[in-house]
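Some notes on the structure that comes next.
The values are calculated or read from the model by the stated rules, or taken from the named source; none is laboratory data. Source: prediction; values computed, not measured. Neighbour counts are summed over all protein chains in view; Cβ atoms, including those assigned to glycine, are modelled from backbone coordinates with ideal geometry.
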Amino acid sequence: MGFWKSLFTGTDGSASRAGAGSLEVLDSRFVEFLPYQGENGSRLYFSTDRNIDLYELEELCDAVGWSRRPLRKVRKAIQHSFLVVSLWEQKGNRRRLIGFSRATSDHAFNATIWDVVVNPSFQGKGLGKSLMKYMIKKLRGEDISNITLFADPHVVEFYQGLGFMVDPEGIKGMFWYPD
Ligand SMILES: CC(C)(COP(=O)(O)OP(=O)(O)OC[C@H]1O[C@@H](n2cnc3c(N)ncnc32)[C@H](O)[C@@H]1OP(=O)(O)O)[C@@H](O)C(=O)NCCC(=O)NCCS
């Protein structure tokens with residue numbers, strides 16, 4: 001994730017932590033359960049509610065070794081994203097953030113997926129794939145046909161397995177950075 005590591009470094013911001021970990025009444029408009037039942041009775045679900053505890057998201061990103069980003073900017077990025085999908089483990093009346101992704105969009109033709117992450121304890125179980133498929137389903141549901149992303153070198157094959165192509169028809173992603 002070196003690319004956005006460098007994009008999102010800077011000073012920290014503040015964020016409220018009300019309700020962290022506790023399961024509030026789930027709003028069915030935002031929630032889709034996965035066909036998964038853990039040994040301890042846990043369940044997993046996707047949520048498109050963008051009201052996410054930023055400290056919990058920071059912990060998730062810490063767990064995969066991403067550099068910290070200013071929380072005020074993370075909050076702004078989430079607020080201005082077209083689609084935000086979080087993945088939760090629910091145990092009794094507690095829940096834990098175990099996956100995240102978001103997409104920006106022009107709301108008509110194009111969307112770009114960012115910040116795809118699954119907690120290391122839950123990796124290798126097909127959840128990253130499910131998260132991406134859910135993102136694509138939601139974007140297609142909004143009639144977005146051109147879905148792009150920036151893959152770190154070590155995850156190119158992960159995205160190829162989902163149908164993403166590197167440089168289709170020779171098209172190159174190009175970047176401009178401040179000096
Ligand atoms: C990349 C990531 C989201 C994958 O999540 P995951 O839950 O482990 O992936 P899945 O278990 O759903 O794997 C789906 C398929 O992709 C493959 N895959 C997973 N990670 C891969 C990788 N890094 N490289 C190549 N293939 C990979 C799996 O073997 C599996 O293949 P299969 O369908 O043939 O069995 C997760 O490893 C992660 O959060 N990594 C750290 C953050 C990161 O690098 N994000 C991407 C930024 S661009």
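Considering each residue of region 155-175 in turn, at least one proves to be over 22 Å from LEU87 (Cα atoms) and basic (Lys, Arg). For region 37-79: of the residues being polar (S, T, N, Q) and closer than 22 Å to SER130 by Cα, which is surrounded by the most Cβ atoms within 10 Å (Cβ to Cβ)? The residue in question is SER47. Cβ separations smaller than 9 Å between residues 6+ apart or across chains give the following pairs from region 91-110 residues that are more than 22 Å from LEU131 (Cβ to Cβ) and in contact (Cβ under 8 Å) with a residue 40 or more places away in the chain to residues that are surrounded by fewer than 16 Cβ atoms within 10 Å (Cβ to Cβ) and not hydroxyl-bearing (Ser, Thr, Tyr): GLY92/LEU23; GLY92/GLY41; ASN93/LEU23. Pairing residues of region 144-171 that are farther than 17 Å from LYS133 by Cβ and without any contact (Cβ under 8 Å) to a residue 40 or more places away in the chain with residues that are within 8 Å of the ligand (Cβ to nearest atom) and among the β-branched types (Val, Ile, Thr), at Cβ distances under 8 Å and at least 6 apart in sequence or on separate chains, gives VAL166/VAL156. The set of residues in region 113-135 being over 21 Å from GLU58 (Cα atoms) and not in a loop (DSSP other than H, G, I, E, B) consists of LYS129, SER130, LYS133, TYR134.
Is it true that some residue in region 130-138 is more than 12 Å from the ligand (Cβ to nearest atom), touching a residue at least 24 places away in the same chain (Cβ under 8 Å) and of a type outside the set (D, E, K, R)? Scanning region 130-138 turns up at least one residue that is more than 12 Å from the ligand (Cβ to nearest atom), touching a residue at least 24 places away in the same chain (Cβ under 8 Å) and of a type outside the set (D, E, K, R).
Could you tell me whether region 164-177 includes any residue that is outside any loop (DSSP other than H, G, I, E, B) and within 8 Å of the ligand (Cβ to nearest atom)? No, that holds for no residue.
Comparison of ARG95, ARG102 shows that the only residue that is crowded, with 18+ Cβ neighbours inside 10 Å, of a type outside the set (S, T, N, Q), at negative phi and within 13 Å of the ligand (Cβ to nearest atom) is ARG102.
Do you know which of the residues in region 140-156 that are surrounded by 12 or more Cβ atoms within 10 Å (Cβ to Cβ) and farther than 15 Å from THR112 by Cα is nearest to the chain's Cα centre (by Cα)?
Step one: filter region 140-156 for residues surrounded by 12 or more Cβ atoms within 10 Å (Cβ to Cβ), giving 140, 142, 144, 146-152, 155-156.
Within this subset, residues satisfying the condition of being farther than 15 Å from THR112 by Cα are 155-156.
Details: VAL155: 15, VAL156: 17 Å.
It comes out as VAL155.
Scanning region 5-31 for residues that are modelled with pLDDT of 75 or more and surrounded by 14 or more Cβ atoms within 10 Å (Cβ to Cβ) yields PHE30, VAL31.
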